[in-house]
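Visitor: Please find one structure pasted underneath; my questions will follow.
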Amino acid sequence: MEEAETIDLYELEYSDLCSPSSSSTVDSIMEALGPSGPGLLAVTGVPNASDLRSHLLPLARSLALLPRETRKLFLKEHNLGGDVPLRNPDRSVSSFAMQLKYTKSPIVEKTVRECRGTEFENLGSCFQELGFCMMELGLCLARICDRAIGGNELEMSLLDSCGAKGRLIHYHSHLDALLLKQHERSRATSKERAGNVKPLEGSELNSIARDVSPGGIHSNLWQQWHYDYGIFTVLTTPFFILPSYSEASQRENSFPSSCFGECQSPTGHTCLQVYNPNRKRAIMVKAPPESFIIQVGEAADIISKGKLRATLHSVHRPSKFENLSRETFVVFLQPAWTKTFSISDYPLGNSSFNGFHGQCLVASDEEQRQSGQDNDNLSQEINKIVPPLSSRLKDGMTFAEFSRETTKQYYGGSGLQSNR
């Protein structure tokens with residue numbers, strides 16, 4: 001199998017994000033985020049972020065694998081919600097969300113009942129603190145982009161929204177599906193208290209494994225191709241978990257918590273992939289450990305009149321590592337719902353407005369020959385599942401209207417990804 005092509009992101013030091021040291025730094029940022037770049041960059045050296053990341057990210061998997069009733073209690077305790085269906089044990093992603101407000105300061109919550117003294121004790125406060133940190137990164141980047149573009153529309157659009165959405169996301173492994181199946185079977189056959197579930201044993205594991213749908217988490221994507229429709233998306237570099245098989249097998253196929261810990265990415269990249277329209281192929285993103293990735297959304301593309309490039313991306317699931325799981329924390333920065341978009345000055349011929357094939361970046365004949373049939377197939381597949389901006393955006397639309405239309409065309413009853 002051909003080795004995946006990777007891209008090393010432009011690295012921006014936190015100090016330069018807060019106060020760019022030179023015009024060349026601004027130029028490099030705009031090159032990375034503009035039409036000729038990948039549409040994303042990495043921010044390094046953010047103070048105090050490492051501890052927050054290392055505490056929060058492992059909780060994504062812990063929450064995802066809790067029995068349903070127990071999870072509801074913890075989510076309510078910390079003002080979190082689940083924004084993807086959590087009843088299906090074959091789901092490939094679990095996501096836990098909270099609205100974050102620019103005007104609010106992080107508050108250390110006092111936990112009670114079962115949360116006291118547990119791994120979830122500071123879940124809500126840690127979620128908020130890391131979220132506010134990432135919101136500030138986005139605001140700083142908006143100021144720099146405004147400086148290059150002229151005006152202050154990006155920054156003011158973020159401030160006018162008064163907030164952002166944070167999501168703690170667990171990308172499931174094959175083993176997670178087995179554990180969730182166990183919870184569901186136990187729930188259906190027993191009235192015992194939630195969480196009082198014995199470990200999987202060999203015969204049970206094999207039985208449940210036969211029931212796991214190969215069409216779900218066995219896809220080569222954890223998340224399908226799409227554009228984010230906000231201004232910026234700020235992500236932690238992911239946290240990977242791969243169980244220790246030698247220890248697990250010695251324990252008759254039970255899986256104690258000691259089997260699960262952070263590991264280096266076995267693929268050597270983040271599993272985030274972006275589409276290169278020049279070469280009609282997916283490129284895997286590499287980023288420094290414990291950095292933050294900031295990528296451009298369609299609202300920024302529209303507001304900047306094409307000077308920033310929205311990032312067409314997906315999350316790759318490595319088939320060689322079926323029991324690998326991936327944890328990340330994401331903050332979506334968007335304009336106010338009442339923000340009105342104008343496309344009168346939008347460079348329609350130089351963007352993805354009519355679909356990514358309409359971009360001005362055209363591969364040479366040699367590059368097209370080298371890309372091969374697989375890349376042509378990828379292009380055709382993306383074209384089938386990613387609705388072009390022209391079909392979702394009309395002049396004078398508010399961001400709320402654009403958001404609803406985008407969600408409808410991706411995931412509505414007849415949406416392009418409604419059954420994926």
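Derivation of every value follows stated rules applied to the coordinates shown; laboratory data play no part. Here the structure is a predicted model, which means the values were calculated and not measured. Every residue, glycine as well, gets a Cβ built from its backbone with ideal geometry; the counts of neighbours run over all protein chains shown.
Visitor: Counting only residues 5 or more places away or on other chains, whose amide H sits under 5 Å from the amide H of TYR10 once H atoms are built in the peptide plane?
Guide: Amide H to amide H, under 5 Å and 5 or more residues apart or across chains, TYR10 pairs with ALA42.
Visitor: How long is the gain from SER390 to VAL84 if the chain were fully straight, where each residue apart is worth 0.36 nm and the alpha carbon distance is subtracted?
Guide: Additional length available on full extension: 107.4 nm.
Visitor: When ranked by the protection proxy of mean other Cβ atoms within 10 Å per residue, highest first, what sequence do the peptides 25-32, 332-339 form?
Guide: Those peptides, ordered most packed to least, come out 332-339, 25-32.
Visitor: Explain nothing, just compute: Karplus ³J(HN,Hα) = 6.51 cos²θ - 1.76 cosθ + 1.60, θ = phi - 60°, for every residue of the range 50-64 in order, whole Hz, x for Gly and Pro.
Guide: Each residue of the range 50-64 in turn: 4, 5, 4, 4, 5, 7, 7, 4, x, 5, 4, 5, 4, 5, 4 Hz.
Visitor: Do the alpha carbons of any pairs in LYS305/LYS408; LYS72/LYS408; LYS165/LYS307; LYS280/LYS384 sit beyond 18 Å of each other, and which pairs?
Guide: LYS305/LYS408; LYS72/LYS408; LYS165/LYS307
Visitor: Using mean Cβ contacts within 10 Å as the protection proxy, how do 308-318, 406-416 order, highest first?
Guide: Sorting 308-318, 406-416 by mean packing, highest first, produces 308-318, 406-416.
Visitor: How far is the Cα center of the range 1-58 from the Cα center of the range 385-420, in Å?
Guide: Rounded to whole Å, the Cα centres lie 29 Å apart.
Visitor: Using θ = phi - 60° and the Karplus relation 6.51 cos²θ - 1.76 cosθ + 1.60, list the HN-Hα couplings for the range 172-177 in order, rounded to whole Hz, with x at every Gly or Pro.
Guide: Whole-Hz 3J(HN,Hα) from phi for the range 172-177: 6, 9, 4, 4, 4, 4.
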